[in-house]
1. Of everything in region 1-20, what is loosely packed, with under 13 Cβ neighbours inside 10 Å and either of a type in the set (A, V, I, L, M, F, W, C) or modelled with pLDDT of 75 or more (or both)? Give them in sequence order.
2. Can you tell me how many residues in region 143-167 are in contact with a Ser or Thr (Cβ under 6 Å, 6 or more places away or on another chain) and part of a helix (DSSP H, G or I)?
3. Quick check: anything in region 169-190 surrounded by 18 or more Cβ atoms within 10 Å (Cβ to Cβ), closer than 25 Å to Val30 by Cα and not aliphatic (A, V, I, L, M)?
4. From the list Asp68, Asp63, which one is assigned to a loop (DSSP other than H, G, I, E, B), at pLDDT below 80 and open to solvent by 80 Å² or more (accessible area, probe 1.4 Å)?
5. Within region 150-159, can you find the residues that are surrounded by fewer than 16 Cβ atoms within 10 Å (Cβ to Cβ) and charged (D, E, K, R)?
6. Residues of region 104-139 being open to solvent by 30 Å² or more (accessible area, probe 1.4 Å) and assigned to a strand (DSSP E or B), which ones?
Amino acid sequence: GKGFVQFSCLPGRRYEFHLVGQRYEANEIVAERGQSRAAVVVVLIGTSLDSAGLERQLLDCVDDDDDDADRSGSSAGDPTREFRAMIEQDKRFCLQEELPWPTGVAFGLRGSYGSFGVLDPDLIEAANRELAARLSKYSLFSLLSGPKIQVDCSGMKAEDVHRWRDALGKETFVVLSNLIDPAAQQMYRGGT
C-alpha cells in the first residue's frame with residue numbers, strides 16, 4: 001500500500017504512507033508555502049485482495065468526529081504518563097519536552113553512548129527511521145517527524161506500554177549494534 005494520510009490526533013499534518021507486508025512507514029510531509037494539501041489517497045496493489053473487506057477496514061479508520069473531545073482514553077493508569085516515564089528512564093533515548101498533541105510522546109535515540117561514541121545528527125535520524133520501521137513488525141504504530149519518533153498513547157492500556165517496552169528493548173539493541181559496523185552506517189545513511 002502507498003498513499004497520503006492524515007490523522008485526527010494530528011490536525012493540519014499530512015503523512016506519506018508505505019506498507020509492504022506487515023512493515024509500514026508514515027513520514028510527515030512538510031508542505032511548501034502556497035502548496036495545497038490534497039485529500040487522503042491510499043492505493044493498494046496485490047493479488048486475491050478482498051476489496052469489500054479492505055474497504056470496510058479503511059472506512060473504519062475514518063474519524064467523522066468533528067469535536068475536540070478528550071482523546072486520552074481512561075484516566076486509570078494514564079498510559080501517556082507511563083509511556084513518557086518509560087522513555088525518560090531509558091538512557092538510550094531523549095524525550096522531546098513539548099508534546100505534539102495531548103496524548104502524544106515524541107522521542108529519539110540520544111546519540112551519545114559514553115565510551116561507545118557519539119552519532120552525528122544524520123546517523124541519529126537514519127537510526128530513528130530504522131527503529132520506527134523495525135517496530136512496525138510488532139504492529140506498534142509510530143510516526144516520524146524529522147529525527148523524532150512520535151507515539152499516540154490514546155487508547156493504550158498497561159499491556160500496550162509493556163509491548164512497547166519489550167519491542168524497544170529488542171529493536172534498539174539491534175539498531176545500535178548494527179551501528180558499530182561502518183558498512184551498516186552507510187546502509188542507514190542510504191549509501192551502498
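1. Of everything in region 1-20, just one residue is loosely packed, with under 13 Cβ neighbours inside 10 Å and either of a type in the set (A, V, I, L, M, F, W, C) or modelled with pLDDT of 75 or more (or both), namely Val20.
2. Total meeting the criteria: 0.
3. Checked region 169-190: at least one residue is surrounded by 18 or more Cβ atoms within 10 Å (Cβ to Cβ), closer than 25 Å to Val30 by Cα and not aliphatic (A, V, I, L, M).
4. Numbers: Asp63 fails: open to solvent by 80 Å² or more (accessible area, probe 1.4 Å).
Only one candidate passes the filter, namely Asp68.
5. The answer is Lys157, Glu159.
6. Those that are open to solvent by 30 Å² or more (accessible area, probe 1.4 Å) and assigned to a strand (DSSP E or B): Ser112, Val118.
The values are calculated or read from the model by the stated rules, or taken from the named source; none is laboratory data. Predicted model, so just to flag it, every value in this text is computed and none were measured. For neighbour counting, all protein chains shown are included, and Cβ atoms are generated from backbone atoms with ideal geometry for every residue, glycine included. Keep in mind that these areas ignore ligands, DNA and RNA; they rest on the heavy atoms of the full protein, side chains included. Shrake-Rupley method; radii C 1.70, N 1.55, O 1.52, S 1.80 Å.
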